[in-house]
1. What is the dipole size for the chain, taken about its Cα centre, with +1 at each Lys and Arg Cβ and -1 at each Asp and Glu Cβ, in debye to the nearest 20?
2. Pop a pseudo-label 7 angstrom from the Cα along the beta-carbon direction at both VAL289 and ASN243 and give the gap in nm to one decimal.
3. Taking the Cα centre of segment 166-298 as origin, sum charge times position over the Cβ atoms of Lys and Arg (+1) and Asp and Glu (-1), and report the length of that vector in debye to the nearest 20.
4. With only alpha-carbon pairs counted, each pair once and no self-pairs, how large is the Kirkwood hydrodynamic radius of segment 18-164 in angstroms?
5. Given the options TYR206, TYR124, TYR226, state which has the largest fluctuation in a GNM of the chain using a 10 Å cut-off (strictly under) for Cα springs.
6. Pull out the extension gain between VAL42 and CYS123, defined as 0.36 nm times the separation in residues minus the alpha carbon to alpha carbon distance; nm, one decimal.
7. Take the chain, connect every pair of alpha-carbon atoms lying under 10 Å apart with a spring to form a Gaussian network, then pick out the residue of ALA51, ALA245, ALA237 with the largest mean-square fluctuation.
8. How big is the gap, in Å, between the Cα center of segment 151-210 and the Cα center of segment 16-64?
Amino acid sequence: MGRMRKSAASLLDWSSALRPKQWIKNVIVFAGLFFAEDISDVHKIIPAVLAFLLFCMVSSGGYLINDVLDRKKDALHPKKKQRPIASGRVPVVPALALAGILLLAGIGLSLSLRFSFGVLILCYVILTISYSLLLKRIIILDVLVIASGFVLRAIGGTLAIEEAISSWLIICTIFLSLFLALTKRRSEIIALGENAAAVRKTLSGYSPQFLDQMINTATAACLMSYSLYTLDSNTVAKFGTRNLAFTLPFVIYGLFRYLFLVHHHNIGESPEVALLHDMPIILCMILYVGTVTAIIYL
């Protein structure tokens, strides 16, 4: 029985080390499919789903490498010290071996799905590894790299289905990603307090006030770029309506509700907590998707 419990615990630890909760970030891959009016086209759905799965594969490989490199500093973090690698429950060498398998397999399968998509996945892998090795230690550049990862996901989704995506939607993705990355840094500083610099060197260069200024800028830019997307002549011509502007209240509420949670509950360190557990945000997303679907497809 003891060996069975140990094996089960080991499987759970390995599963946790892949950070499946973080896979929700890869849902942005479907943005191109959704806004291209191809949501019912099986020939588009299949490559979009495959693109999502491949991003999950390579992102998990990147998380394993990052957690191996950060295991000593994560051990000082009140929450991250429970991670399988930081706590020692998952050994380093097998974790790196699994990361290598996931990354190489992900790149190879992506190239076979579509060459341009495979090249983008390769760029994403290089970016994530560079972030883990160096870029996360450079103030401001660290959050820009995180935002770039979201943008590559969005573009990757369009490459997989061979569709174009609005430039305004890409710009909106950039600022939304910056918003999430900056609120994450703010929450880390608040949660860690005096130990912030010891856990992550770049946190010593940030302050809640400085981050709040950048968050305000990213929030305003995200709302403005989304507004311009809904009213852009190409968008109106494509969907034959200006009614997408009526979805703006959902975007405003979602961002402001998230800011409320960041300031009053300090959840920014784990965006998936709000996206998966905060009922007002969940309802807002459901209403947003339902409204966009009705406007575009009905």
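Rule-based calculations on the coordinates, nothing more; no lab input. Please read these numbers as outputs of a predicted model, since none were measured by experiment. Here the Cβ is made from the backbone with ideal geometry for all residues, glycine too, and neighbour counts use every protein chain on show.
1. 1140
2. 2.0
3. Taking the Cα centre of segment 166-298 as origin, the dipole is about 200 debye.
4. Value: 15.9 Å, from the Cα pair sum.
5. TYR206
6. Gain on stretching VAL42 to CYS123: 26.4 nm.
7. Largest GNM mean-square fluctuation: ALA237.
8. Cα centroid of segment 151-210 versus Cα centroid of segment 16-64: 18 Å apart.
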